[in-house]
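Report on the structure given below.
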Amino acid sequence: MRIRTAAAVVALLLSMVEAHADYSLTILHTNDFHSSFEGIDRWDHDCPAEENAAGNCYGGSARLMTAINEARKRTENSVLFDAGDQFPRPENPYDLNVSLTANLMNRLAYDAMTLGNHEFDYGEDVVVEFIDRLNFPVLVANIDFSGNPHLALGTRKSAIIERGGEKLGLIGVTLESSTASAAYAEDVVTFDATGAVQAEVDNLIAEGVNKIIVISHLGYSADKRLAESIVGIDVIVGGHTHSYLSNTFANAVGPYPTMVNGVAVVQTFSFGLFLGELTATFDDEGNLTKAVGDPILLDASVAESEGITSLISNAEAELK
């Protein structure tokens, strides 16, 4: 009887510990990649093969794949987000390759993204094709695409995914001016980001979600203002301003993460030079109790995935 009683007490204690155990989530993220498939040199120019072989180049999809895989192996629960501007700037239109961009993002297994302003630079057909090719949700809460059935079909305001048995609420938001110059601008309606995000937060909380991440293409300063204004969010994964946040680099524009009103704000420069890695810890009620990390520099010490290198080479050969 005593043995059974002791066993019951141990089981009860274990169940109590499990019920109140912290939940840890690793958030991997990119932003403003701008079609930098093969990486760049120290002057932010495309990386020639001979320079890459000499170890003088940074970033690129092949190194990004390696870094993501390594991060996934060393962490229990991980997600991968992109905060927009996968497409090149309009002054570099020849870098645009919609199918390659989508194929690479699918291979890297992103969980969600929002659209940046440069996704709208190349016309409706291009952005629709891009969204259609993706295997994960594209989130934009502050643009109503219902006047354009093609765009409305491919985008959502928010989504719920699961990791380690926990629900994660995801909301996307982008610049209100993103579609202003687009030929189809009259078909879409933009809203204030703060109100749009808060509405989605309220919807997610009503569905029982207590861990909420915003994927934003508003810019670093705007993200900090959003963190001050919104009730119920935990992390903002940002982009647009190419802001380098770091705890180790003296010239960083802010710490990684930047904590505002209890919200962890992150961003990781641009052009694929870094992979952002934030470890967020939540208590049993979904409160963010700890957020630590730093961007990972994708230099020559990070091996290039041969599979991704081949995919890029084959895609470029098809264009010649």
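The values are calculated or read from the model by the stated rules, or taken from the named source; none is laboratory data. It should be emphasised that the depicted structure is a prediction, and the values quoted were computed from it without experimental measurement. No Cβ is skipped: glycine too gets one built from the backbone with ideal geometry, and neighbour counts run over all protein chains shown.
Residues being part of a loop (DSSP other than H, G, I, E, B), within 17 Å of H217 (Cβ to Cβ) and not small (G, A, S): count how many of those fall in the range 129-152. So the answer is 6.
Filter the range 114-152 for residues that are in contact with a Leu (Cβ under 8 Å, 6 or more places away or on another chain) and aromatic (F, W, Y); which is farthest from N97 (Cα to Cα)? Here the residue is F145.
Yes/no matrix, rows are residues, columns are (1) out of contact with any helix residue (DSSP H, G or I) (no Cβ under 7 Å at 6 or more places or on another chain); (2) within 19 Å of L170 (Cα to Cα); (3) modelled with pLDDT of 95 or more; (4) not small (G, A, S):
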{"position": "G195", "(1), (2), (3), (4)": "yes, yes, yes, no"}
{"position": "V214", "(1), (2), (3), (4)": "no, yes, yes, yes"}
{"position": "E228", "(1), (2), (3), (4)": "yes, yes, yes, yes"}
{"position": "V235", "(1), (2), (3), (4)": "yes, yes, yes, yes"}
{"position": "F249", "(1), (2), (3), (4)": "yes, no, no, yes"}
{"position": "L288", "(1), (2), (3), (4)": "yes, yes, yes, yes"}
{"position": "I296", "(1), (2), (3), (4)": "no, no, yes, yes"}
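Pairing residues of the range 131-156 that are of a type in the set (D, E, K, R) with residues that are at pLDDT below 80 and outside any helix (DSSP H, G or I), at Cβ distances under 7 Å and at least 6 apart in sequence or on separate chains, gives D144/V188; D144/V189. Could you grab me the full set of residues in the range 241-290 that are over 16 Å from the mean Cα position of the chain (by Cα), small (G, A, S), surrounded by 14 or more Cβ atoms within 10 Å (Cβ to Cβ) and part of a loop (DSSP other than H, G, I, E, B)? Of everything in the range 241-290, those that are over 16 Å from the mean Cα position of the chain (by Cα), small (G, A, S), surrounded by 14 or more Cβ atoms within 10 Å (Cβ to Cβ) and part of a loop (DSSP other than H, G, I, E, B) turn out to be S246, A252, G286. Looking only at residues of the range 52-103 that are more than 17 Å from E119 (Cβ to Cβ) and acidic (D, E), we find that the one that is surrounded by the fewest Cβ atoms within 10 Å (Cβ to Cβ) is E76. Determine which member of the set V231, V197 is in contact with a strand residue (DSSP E or B) (Cβ under 7 Å, 6 or more places away or on another chain), at negative phi and in contact (Cβ under 8 Å) with a residue 24 or more places away in the chain. Criteria check complete, one pass: V197.
With respect to K167, determine if the residue is touching a Leu at 6+ places or on another chain (Cβ under 7 Å) and in contact (Cβ under 8 Å) with a residue 40 or more places away in the chain. Considered against the rule, which asks whether it is touching a Leu at 6+ places or on another chain (Cβ under 7 Å) and in contact (Cβ under 8 Å) with a residue 40 or more places away in the chain, K167 comes out as no. The set of residues in the range 291-316 being within 21 Å of the chain's Cα centre (by Cα), surrounded by 15 or more Cβ atoms within 10 Å (Cβ to Cβ) and not charged (D, E, K, R) consists of A291, G293, P295, I296, L297, L298, V302, S305, I308. Looking at the range 76-105, which of its residues are at pLDDT 95 or above and touching a strand residue (DSSP E or B) at 6+ places or on another chain (Cβ under 8 Å)? Selection gives N77, S78, V79, L80, F81, D82, A83, G84, D85, Q86, M105. Look through D85, D95 and report the one residue that is touching a residue at least 24 places away in the same chain (Cβ under 8 Å), of a type in the set (D, E) and touching a helix residue (DSSP H, G or I) at 6+ places or on another chain (Cβ under 6 Å). Answer to the check: D85. Considering only residues that are touching a residue at least 60 places away in the same chain (Cβ under 8 Å) and not aliphatic (A, V, I, L, M), which ones fall in the range 70-82? Passing the criteria: T75, E76, N77, S78, F81, D82.
The residue list V214, V209 contains one member that is assigned to a loop (DSSP other than H, G, I, E, B) and either within 16 Å of the chain's Cα centre (by Cα) or β-branched (V, I, T) (or both), which is V209.
When L108, L168 are screened for being surrounded by 16 or more Cβ atoms within 10 Å (Cβ to Cβ) and either within 21 Å of F87 (Cβ to Cβ) or modelled with pLDDT under 85 (or both), only L108 passes.
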